[in-house]
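The values are calculated or read from the model by the stated rules, or taken from the named source; none is laboratory data. As the structure is a prediction and not an experimental result, all values here were calculated from the model. Glycine gets a Cβ as well: all are built from the backbone with ideal geometry, and neighbour counts include every protein chain shown.
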Amino acid sequence: MADMSKETARGKRKGSRKKYRMLYIMVIPGILYFILFKYVPLLGNVIAFQDYNIFKGIFHSAWVGLKNFKILFEYGDFLPILKNTIVINLYDLLFGFTAPLILALVINDISNAWFRKGVQQIVYLPHFLSWTILGGIVITQLLSPSQGLVNLALKGMGMEPIYFMTEASMARAIVVLAGIWKDMGWGTVVYLAAMTAISPSLYESASLDGAGKFKQLIYITLPGIVPVIITLFLLRIGHFLDFGFERIWVFQNASNVSVLEIFDTYIYKAGLQQGRYSYTTAVGLFKSVVGFLLLYGGNMLSRKTTGESLY
Amino acid sequence: MKRKKLMAMLMAVSVFAGVLTGCGNASGQNSGSSEQRQSETTEQTQETSEESDVPEEKEPLKFTMSISNGLNEYIAQSPDINQDKWVKVFNERYNLDLTLKLLDHKRFAEEMQMMFASGEIADVVKCYDNYTSPSMCQSVENGVFMPLDDILATAEEKYPNLMKTIPENAWDYNKYNGHIYGIPVSYLSRATRRATYIRKDLLDQTGLGIPTTLDEFVEVLKAFRDMGVEYPFAGRENWTYTDIFFGAYGVNPLTWNLNEEGQLVPDMIRPEMKEALAFHKMLKDEGLMDPESLTTNSSDWLNKIYTGKVGLFDHNGGQLYGFNSSLQQNVPEGEFILIPSPVGPYGDQGTQKYSPVFESIFINKDFQEPERIFEYLDRMCLDEEQDFMAYGIKGEDWTEENGQVQYEYPTDQVGIAEISFRKTIGLIRDDSYDPRLLPFTPSGEDFMDWVQNVSTKEGIDNIDPGKLESLTLHPELQPGNGCDLFHTMAADIFYGKEPIDSFDAFVEEYLSRGGQEVIEEATKAYQEGRTFDRK
């Protein structure tokens with residue numbers, strides 16, 4: 001009896017293997033890609049535990065255990081850097097994520113199709129500028145105390161100009177706002193697409209029932225795109241702590257470095273400029289571990305509250 | 001359902017076929033090239049065996065050399081630099097078989113790293129500065145290159161031109177543990193490179209003479225301010241090219257020097273630095289210095305200069321013509337001249353002196369004929385070959401009449417870059433100035449006058465401590481990364497957020513955060529002769 005059931009199970013498995021053979025074959029390139037380009041390079045992280053020397057290679061460099069991590073934890077500015085990294089990322093998640101959503105809702109309510117297209121295209125534009133250029137525009141054209149637009153406006157209102165780039169208290173806000181400016185328009189694409197999928201009949205019947213524009217937004221548009229919002233949010237959490245070097249680097253200066261130094265910029269200064277591969281790998285690895293813990297937490301929270309999760 | 005399955009199968013087949021052909025091609029190419037290589041090597045061995053029969057005619061010196069493309073426009077417009085006209089001319093003229101490996105200037109350190117990590121290291125590697133340059137990736141320390149002491153022992157007789165041409169301090173600058181690995185092919189005969197630029201037209205309007213002391217400079221700057229010059233003096237982020245008033249106090253944010261106790265310390269903690277910072281703050285408060293200096297990047301800074309908003313600044317003296325022609329596009333009557341730098345209260349004057357070496361070459365330890373590289377370098381020191389590098393082929397690109405060179409300096413960027421490419425592969429050059437070409441360039445005479453009469457009298461000696469282990473753990477103590485303790489303190493003082501006396505607290509913090517060890521290590525290196533003089 002037991003033999004029989006085993007036999008049929010095997011038969012079934014064989015059958016399904018045969019049935020889906022083509023699908024399995026199709027999966028192979030994808031799996032190979034992930035193994036070769038995503039998993040094998042992970043092994044390179046072992047150099048975090050070595051005194052890596054490019055001339056000796058991974059296999060002949062000396063092992064040093066946790067020495068590199070010890071150096072990091074004993075470094076005087078370790079806690080401020082950790083704090084900056086997390087705080088800036090949290091701000092960016094909070095404001096950088098909600099801004100495109102609000103913009104999409106606004107754009108969606110523009111009834112003039114020609115005007116809507118125009119607005120959409122204009123708000124996309126900054127996405128295609130590099131951080132170097134965008135940073136230059138922000139620093140010299142917007143925030144400069146002598147010629148920046150913002151300060152000209154302040155002066156026009158009879159206020160004292162502010163030298164934003166030397167005010168540490170404003171540095172994080174500048175970085176986050178610049179990011180919103182750059183990517184807000186781009187971020188609306190998916191929302192707008194999701195909104196077009198909402199059946200117009202819902203709006204029609206709502207307006208028959210006397211719902212105004214705002215009520216329609218609250219009770220029809222928003223609920224209609226909730227799954228998209230959650231998916232995008234989870235994807236975004238997946239990039240937590242991945243703030244990117246350039247974006248901070250262009251805004252960092254001697255006056256605001258105390259609040260803008262994050263792991264990415266520290267890695268650049270402490271390691272790459274001096275060829276300390278092992279140490280930077282250790283710092284990067286530590287950052288990844290922190291990021292992973294946060295991702296895990298965020299995912300769990302999302303599953304508990306909305307039932308949706310990344311995995 | 002059936003159609004779906006068919007589609008799936010078709011797709012699978014096509015994907016699979018794609019993979020197969022992809023692999024097929026790749027392996028085919030591989031085997032092809034390895035065959036080619038094999039046949040090449042066999043040809044080579046045949047040639048060498050033939051060559052041994054005929055000893056008179058030397059076979060061309062075959063070597064590969066890695067160089068930075070230097071963002072050179074002539075290199076950029078060449079489809080294959082090894083098929084280039086000048087490479088062929090050099091090969092023929094000097095009996096070479098040179099293969100260039102170009103590394104991208106913008107990612108030079110990374111490309112050097114890749115070359116070292118791959119193990120395919122060129123026979124001759126050229127890099128900026130000496131072996132301590134980060135792009136060298138400690139390759140000398142790891143024994144990648146050949147020590148040249150044996151060759152240099154007899155070099156005075158064998159390669160007299162080379163030994164005469166390259167100054168001794170340039171060789172010293174390449175010493176590692178008492179051995180010389182690098183050849184300082186591109187050296188600086190004058191270590192003072194940066195000059196004080198002033199707007200002559202504006203100065204004439206003020207009716208004041210050329211200033212010399214700090215007070216006189218302040219007087220001129222005030223006159224500029226009152227005339228409505230927007231930025232009488234303009235500096236740049238990280239105090240880069242903002243040297244002259246630091247120099248007047250004998251210090252610089254980037255350099256090191258001995259203190260009274262004989263310790264090698266970074267200038268930034270010396271008491272003179274406090275005075276220099278106070279001076280800069282005064283300039284800013286009086287409206288004599290661009291208040292946005294510390295957040296102005298290089299292109300914005302240049303823009304201010306080109307549009308005529310700046311009266312005084314400092315930069316490499318060799319750029320005089322470039323600054324003037326860019327200025328005159330916006331301000332036709334504007335003119336910059338080079339003047340002696342301000343003299344400070346203790347008699348100090350000038351900008352930080354550079355290291356005596358601009359570029360060095362290193363010879364791979366596996367390379368068989370290092371002596372012939374030296375022969376080539378020795379020949380390149382001759383006047384005839386220096387003429388060739390500067391002007392090109394005699395009779396074609398230039399002529400000589402009654403001992404006078406008849407030559408026309410190119411007006412286009414590619415033409416100018418072409419000269420620089422010849423110098424790149426010709427290797428030997430004085431990077432301070434080129435007395436051959438300068439007379440033919442616009443403003444060349446003025447610059448040469450500055451080199452010969454001003455630069456020799458000014459400039460601040462300093463000592464480069466080399467690579468310090470204790471510093472690598474502390475980027476916040478490192479001069480020049482822009483966001484270290486010094487720059488933060490200097491910015492706070494400059495913008496009036498902290499009093500000038502906060503400098504003293506900074507010095508204490510610097511010492512307590514590991515600076516003490518850094519100074520000890522630097523001093524030890526100095527006492528053991530492992531540091532590099534910049535004089």
* Please work out if A:Leu301 is out of contact with any Leu (no Cβ under 8 Å at 6 or more places or on another chain), away from chain B (no Cβ under 11 Å) and either surrounded by 20 or more Cβ atoms within 10 Å (Cβ to Cβ) or more than 30 Å from B:Cys483 (Cβ to Cβ) (or both). => yes
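In the set A:Leu72, A:Leu93, which member is in a helix (DSSP H, G or I), closer than 30 Å to B:Ser139 by Cα and in contact (Cβ under 8 Å) with a residue 60 or more places away in the chain? Explain how you work it out, then say what you get.
Numbers: A:Leu93 fails: closer than 30 Å to B:Ser139 by Cα.
So the residue among A:Leu72, A:Leu93 that is in a helix (DSSP H, G or I), closer than 30 Å to B:Ser139 by Cα and in contact (Cβ under 8 Å) with a residue 60 or more places away in the chain is A:Leu72.
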* To do: Report whether or not B:Ser455 is at pLDDT 90 or above and closer than 30 Å to A:Glu167 by Cβ.
  => no
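Quick check on region B:365-381. Is at least one of its residues closer than 30 Å to B:Gly143 by Cα and among the hydroxyl-bearing types (Ser, Thr, Tyr)? Step through it out loud before you land on a result.
The first filter runs over region B:365-381 and keeps only residues closer than 30 Å to B:Gly143 by Cα, leaving B:365-381.
Adding the requirement that they be among the hydroxyl-bearing types (Ser, Thr, Tyr) leaves B:376.
Yes, region B:365-381 has at least one match.
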* Among the numbered conditions (1) more than 14 Å from chain B (Cβ to nearest Cβ); (2) farther than 30 Å from B:Ser512 by Cβ; (3) touching a helix residue (DSSP H, G or I) at 6+ places or on another chain (Cβ under 9 Å); (4) surrounded by fewer than 16 Cβ atoms within 10 Å (Cβ to Cβ), tell me where A:Val87 comes up short. => (2)
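Condition (residue is assigned to a helix (DSSP H, G or I) and either surrounded by fewer than 19 Cβ atoms within 10 Å (Cβ to Cβ) or within 11 Å of chain A (Cβ to nearest Cβ) (or both)) applied to region B:454-468: is it met by at least one residue? Spell out the reasoning first.
Here is the first cut: in region B:454-468, the ones assigned to a helix (DSSP H, G or I) are none.
Checked against the condition, which is being assigned to a helix (DSSP H, G or I) and either surrounded by fewer than 19 Cβ atoms within 10 Å (Cβ to Cβ) or within 11 Å of chain A (Cβ to nearest Cβ) (or both), region B:454-468 yields no hits at all.
Got a sec? Which helices (runs of 4 or more DSSP H) wholly within region B:146-202 have at least 3 residues that are crowded, with 18+ Cβ neighbours inside 10 Å and in contact (Cβ under 8 Å) with a residue 24 or more places away in the chain? Break it down stepwise before answering.
Numbers: elements: B:149-153, B:155-158, B:160-165, B:168-172.
Ranges flagged: none.
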* To do: Might you check whether a residue that is closer than 30 Å to A:Val189 by Cα and among the β-branched types (Val, Ile, Thr) occurs anywhere in region A:89-105?
  => yes
* To do: Return the residue satisfying two criteria in turn: it lies in region B:143-174 and is more than 19 Å from the chain's Cα centre (by Cα) and under 17 Å from B:Lys126 (Cα atoms), and of such residues it is farthest from the other protein chains (Cβ to nearest Cβ).
  => B:Leu148
* Asked: Across region B:292-325, which residue is farthest from the other protein chains (Cβ to nearest Cβ) among those that are surrounded by 20 or more Cβ atoms within 10 Å (Cβ to Cβ) and farther than 19 Å from B:Leu338 by Cα?
  -> B:Ser293
* So B:Glu120, is it in a helix (DSSP H, G or I), surrounded by fewer than 22 Cβ atoms within 10 Å (Cβ to Cβ) and free of Cβ contacts under 8 Å to residues at least 12 places away in the same chain -> no
* So is B:Ala525 away from chain A (no Cβ under 12 Å), over 29 Å from B:Thr196 (Cβ atoms) and among the aliphatic types (A, V, I, L, M) or not? -> yes
* Asked: Can you find a residue in region B:473-493 that is hydrophobic (A, V, I, L, M, F, W, C), touching an Asp or Glu at 6+ places or on another chain (Cβ under 8 Å) and in a strand (DSSP E or B)?
  -> no
* Asked: How about region A:153-198: which of its residues are farther than 28 Å from B:Asn238 by Cβ, part of a helix (DSSP H, G or I) and not hydrophobic (A, V, I, L, M, F, W, C)?
  -> A:Lys155, A:Gly156, A:Asp183, A:Gly185, A:Gly187, A:Thr188, A:Tyr191, A:Thr196
